[in-house]
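What follows is a set of notes on a single structure, which appears directly below.
The values are calculated or read from the model by the stated rules, or taken from the named source; none is laboratory data. The structure presented is a predicted model; accordingly, all values stated were derived computationally and were not measured. All Cβ positions, glycine included, derive from the backbone under ideal geometry; neighbour counts span all protein chains shown.
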Amino acid sequence: MQDKVEIVFNILSAEYCLVLDPNPHYQRLVKEILRFGGPKNLEIEFAVDADHGLRLLREGSMHFIVMETKLPLEESIDFLMKIRKGRAKWNFDISLPIIGYADAFTPQEIYRLRDAGISELMIRPLSAAIFFKCLKSASSRKFIETSGYCGPDRRRRLVMNYANKRRADDRAAELAEAAKAEEARLKAEADAKAALQAAAKAEEEKARKLEEAQAEAARKKAQAEELAREKAQAEAAAAAAAEMARKKAEAEAAPAKPDPSAMTQEELARHLLKQKK
């Protein structure tokens, strides 16, 4: 993978790249892909709209452009046509490869972008393999400049001994390409939907397990509190019984007090004498 990527950038001699996308997330994603496979000295400029992108192009020489094509679409078409038809106006190479991407393309959108001069199109989610495949394809295509069209050669197959001005199979090739793009879009949507469903199911399972764990922890806590309460009650009852037994033992061990009414006169006299002493 790394060797193929280096070949692509050697073909382009790429040192400067313009990324046109108002979304910071996709700006970072494209940057990471380029940093992963591109040369270490590749400089990347970011633009948030077409006017910003044209200003950056005029300020410095870019070797290729990566752009979101739904800026909206009309803005992207205008941006492409200004680049491709600006030989007498701009100081940059109007034949530089331009790679476009979006969530999906209709056949009509593909035709319009193609006729405006787009080099290659990609469908999100972006991957490094598809990205560099498109970049290599864009860098190898011939550049056509006529009064009616300016951009990469729209014909992708070489027909030997062809003498007519237009190949009869162009329309079929375009429809096949559009069908392939639509199939890739539907597959990407299905994969994304399946991934979202799997993520949602995983979150539900995680929430269920967390709820069960919390319920089990609460049950064990209540059980421990009940055992502690019963233990405290048993200890209190045991302490009360011990106190009663102590008092009873003290009472039994203490000498009985004499009852004066039950004494004879002699016993009463001795008792009173003993108390005086």
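Among the residues making up the stretch 187-212, those that are more than 27 Å from Ile123 (Cα to Cα) and over 17 Å from the mean Cα position of the chain (by Cα) are Glu204, Glu205, Lys206, Ala207, Arg208, Lys209, Leu210, Glu211, Glu212. Scanning the stretch 131-154 for residues that are of a type in the set (Ser, Thr, Tyr) and over 19 Å from Ala102 (Cα atoms), which turns out surrounded by the fewest Cβ atoms within 10 Å (Cβ to Cβ)? Only one residue fits best here, namely Ser147.
Being surrounded by 10 or more Cβ atoms within 10 Å (Cβ to Cβ), assigned to a helix (DSSP H, G or I) and modelled with pLDDT of 90 or more holds for only one residue in Gln197, Gln233, and it is Gln233. Here Val159 meets each of (1) among the hydrophobic types (A, V, I, L, M, F, W, C); (2) crowded, with 16+ Cβ neighbours inside 10 Å; (3) farther than 28 Å from Lys193 by Cα; (4) modelled with pLDDT under 85 with one exception, condition (2).
Considering only the stretch 205-225, I want to know if a residue exists there that is without any contact (Cβ under 8 Å) to a residue 40 or more places away in the chain, among the acidic types (Asp, Glu) and under 30 Å from Asp103 (Cβ atoms). Yes, the stretch 205-225 contains a residue that is without any contact (Cβ under 8 Å) to a residue 40 or more places away in the chain, among the acidic types (Asp, Glu) and under 30 Å from Asp103 (Cβ atoms). Glu109 passes every criterion in (1) of a type in the set (D, E, K, R); (2) closer than 23 Å to Ala192 by Cβ; (3) modelled with pLDDT under 90 apart from (3). Residues in the stretch 18-50 that are in a strand (DSSP E or B) and either at pLDDT below 90 or basic (Lys, Arg) (or both): Glu43 alone. Each residue in the stretch 51-92 was checked for being outside any strand (DSSP E or B) and farther than 24 Å from Ser147 by Cα, and 14 pass.
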